[in-house]
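Encoded as C-alpha cells, the structure appears first; notes follow it.
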Amino acid sequence: MNPDPTTDDALDLIARLERETGMRTPELRKLRDQAAATGQTFDRVLLNRGLDEDAVLRCFGAELDLPFVEKFEQVQVPRLFVDHVPMAFARAHDMVAIGVEDGELLVATAHPLDVHPQDDLAGMLPCPVRFVLAPRAEVTELVNRAYRHRAEGVDEAIEDLEGADIAGLAAEIEESEDLLDVANKAPIIKLVNSVLFQALKLRASDVHFQPYQDRMQVRFRIDGILYDMDTIPKTAQEAVTSRIKVMGKMDIAERRLPQDGRASIRIGDGEVDVRISVVPTTEGERCVLRLLDKSARTYDLAEIGLDEHHRKVLEHFISFPHGIILVTGPTGSGKTTTLYASLSRISTGDKNILTIEDPVEYQLDGISQVQVNTKKGLTFANGLRSFLRQDPDVMMVGEIRDLETAEIAIRAAITGHLVFSTVHTNDAPSTITRLIDLGLEPYLVSSSLVLVIAQRLVRTLCPVCRTWVVPDDQQRAALRSIGVDLGDLPDGKVAVSPGCEECFHSGYQGRTAIYEMLPMSEGLRELLMKENSAAKLKRAALEEGMRTLRQDGALKVLEGQTSPEEVMRVTQLDLV
C-alpha cells in the first residue's frame, strides 16, 4: 500500500500535493528523498513540515483510492473493534473503526502509509478490514470515547499498592510527564497517572481526590456533573497527596494551609495543563485538579450550539471594526469556547489579534496570547494598556473583574478597537447594570457596548439510547414549566434517553450551549441613559425580540437535543 517514491505514481502524487498545498515540486521531492533516507513515511514528513493535514490526506486518499472522512458525526465504534484491539495499539497508531459495511469493518487511520500497523490490525480482527483516511484529532477523540469505560489501569495500580513501600514515595517528576509511560514507575506514580489518564478518556474537566474517614474517593466532573469513580485505600492517602503536590511543585511538608500549583503532563504527543488546588480538611488534604487539554481542538461557530438566528447575530457583530462584546455566565458555562470560536472566525490574517487570559486554555493559530502573571505585575489591566501600543485590531481580555480593567476595555472600544471579554452575571440585561455598578458612566457603556451574550451549558441526550415518545403527564408538566407549547411537539412526541452503558446510564452524553443574545439597539441605549434597572432593560429587550436562555433551551428540547429537566437545572425563571 506504500507507493515506491521513485514510481510514476509517486510523481503524480507530488504534482497533486503541489496543487493542493502550494509547496513547490523541488521541495516536495527533497522531502520525499528525506523520507526514503530516514525510514519515515512520506505523509509524516509532510505533516511535520506543518502542511495542512486535510489537504495531505486528501492527496494520499486520491492516489491510494481511499475515501477521506473529514468529521465523525454520530459515529459509534463497533464493539468488535474495542474487544479485539488494545487501546494502546489504537492510540499509538491512530486507528479506529467507524462502522461495518458489506461485512467489512471500516477503519479510519490518520497515517495512510503505515502499512505494518495496518497489517497487524487486520490480523487482530476476525473479519475483513477496509481503510479510510481521517484527521488525527478526530481519530484520537473517537478512540478516547470508545475506550472510556475501560479503567483496568486504575484497578491494577491500586492492586500494586498492596505490599508496596508507600512511605518511600518517588518524588522525581519530569518537566512534562507522559501518562502512558507507567511501566517502570513506582506504584503511587502509576496510580495517579492512571487516574488522570482515565479522567481524560472520559472527557472529565476536574478530578477530585476527596478524603473520608476510611478511604480516599476519586470523583470526576463529566459534562458538569460529579461522578464517584475509584476508591483509594486510606493507607495510600498521604502518599497520593504528596505525589500530587510534587507534580504541582508545592511544599510537601505544609499540611495546614491551602496551596495552589500547576503541572504539565503528556499523553503521547498531546499536552495537558493541570491546575492543582490542595486544601486541608478534618479527614486529610483534599486535592482538586482542573484539566486543560492543549491538544483539544477549538470549535467553529457552527459547532457550539448556535441556531441559525443566533449565529447570524454573532457573525454580524464580530465583523464590527470597533465596540465591546461581552459574554456572561457562571464558571464552566463555555464562555471561553464561544470567545475562541469567534476569534477563530475573524482571524483571517489581515487583523492583529491579541488576548490576555488567566490561564491561556488553548493555543490559537495566528493570534498572540498572553498569560496573566500577577506576581510579576502582569494583570488584565496592565496587559490591556500594553496591547494598545501593539497596533491591535481586536483584543480579548479574559475577564472584567474591576473598574480599572473595565475602563481600559471600554475606552479601547471607543477609540476604534473590537474588544471581547467576559463578566459574571445571571443574564444579558443585568450585565449592563453590572458595568455601571463597577463605576462606569452610563454614557460610556451606551456608546461602546454592541452585544451581550449570556450562556449556559446543558447536557445533550445520549444518541445511542435516545427515543421519541408521546409524553406522559409528568413529562407534559415539565415541558409546560419551560414554556413549551405541547402543540409544537414534532408529531406530538418528545425525545427521551432512558440510559445505557454508553452514557453511564445517565441518559446524557456531551454538552451544548443555550444562549441569550442582547444587541444594543438605539432604544436600549436611550433607556440606559435614563434608567439603570436590569428589569426594565430586560422588558425592553424582550419587546425587541430577545430570546431568553430558557426559551432557547425550550427550542433545543423540541429539536430533541436535551431534556426539560436540564433546561430547568441551568436557567432561572424568566422574570419580567
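Quick notes
- Computed from Cα positions, the angle between helix 549-558 and the longest principal axis of the chain comes to roughly 50 degrees.
- Measuring max minus min along each principal axis, the C-alpha atoms of the chain give extents of 74, 65, 60 Å (largest first).
- Loop-resident trypsin sites (Lys or Arg not before Pro) (DSSP state other than H, G, I, E or B) in the range 230-265 with no more than 15 further Cβ atoms inside 10 Å of their Cβ: 249, 255, 256.
- For the range 211-354, with all protein chains in place and a probe radius of 1.4 Å, 49% of the accessible heavy-atom surface sits on carbon or sulfur.
- Distance between the range 365-417 and the range 501-576 - C-alpha centres, whole angstrom: 29 Å
- Charged side chains reduced to their Cβ positions (Lys and Arg at +1, Asp and Glu at -1) give the range 307-449 a dipole of some 220 debye around its Cα centre.
- Low-density loop positions, trypsin sites (Lys or Arg not before Pro), the range 365-406 - DSSP coil, at most 13 other Cβ in 10 Å: 389
- Helix 8-21 axis, angle to the chain major axis (alpha carbon atoms, nearest 10°): 10 degrees
- Lys/Arg +1, Asp/Glu -1 at C-beta; the chain dipole; positive extreme among 82, 452, 274: 452
- Net charge, residue 324 excluded, C-beta distance under 12 Å - Lys, Arg +1, Asp, Glu -1: 0
- For the range 271-372, the share of DSSP beta bridges that are antiparallel, to the nearest 5, is 70%.
- When the charge dipole of the chain is built from unit charges on Cβ atoms (+1 for Lys and Arg, -1 for Asp and Glu) and taken about the Cα centre, the candidate among 95, 384, 72 whose Cα reaches farthest toward its positive end is 384.
- Summing Cβ point charges (Lys, Arg +1; Asp, Glu -1) relative to the Cα centre of the range 426-576 gives a dipole of roughly 180 debye.
- For the range 81-141, with all protein chains in place and a probe radius of 1.4 Å, 55% of the accessible heavy-atom surface sits on carbon or sulfur.
- Net charge of Cβ neighbours under 10 Å - reference residue 234; Lys, Arg +1; Asp, Glu -1: -2
- Positive end of the dipole of the range 402-557 (Cβ unit charges, origin at the Cα centre): among 508, 524, 416, the Cα lying farthest that way belongs to 508.
- The charge dipole of the chain, taken about the Cα centre with unit charges on the Cβ atoms of Lys, Arg (+1) and Asp, Glu (-1), comes to about 1740 debye, rounded to the nearest 20.
- Members of 234/376; 30/71; 294/376; 201/249; 335/536; 312/335 lying beyond 29 Å, as alpha-carbon distances in this model show: 234/376; 30/71
- DSSP assigns beta bridges within the chain; of those with both partners inside it, close to 65 percent run antiparallel.
- Whole-number accessible area per residue in Å² for the chain, which is evaluated in the context of all protein chains at 1.4 Å: 46 Å²
The values are calculated or read from the model by the stated rules, or taken from the named source; none is laboratory data. Quick caveat, the model's predicted, so the values are computed rather than measured. Cβ coordinates were reconstructed from backbone atoms using ideal geometry, including for glycine residues, and neighbour counts include every protein chain displayed. These area figures cover heavy atoms from the full protein model, side chains too; ligands, DNA and RNA do not enter into them. Shrake-Rupley method; radii C 1.70, N 1.55, O 1.52, S 1.80 Å.
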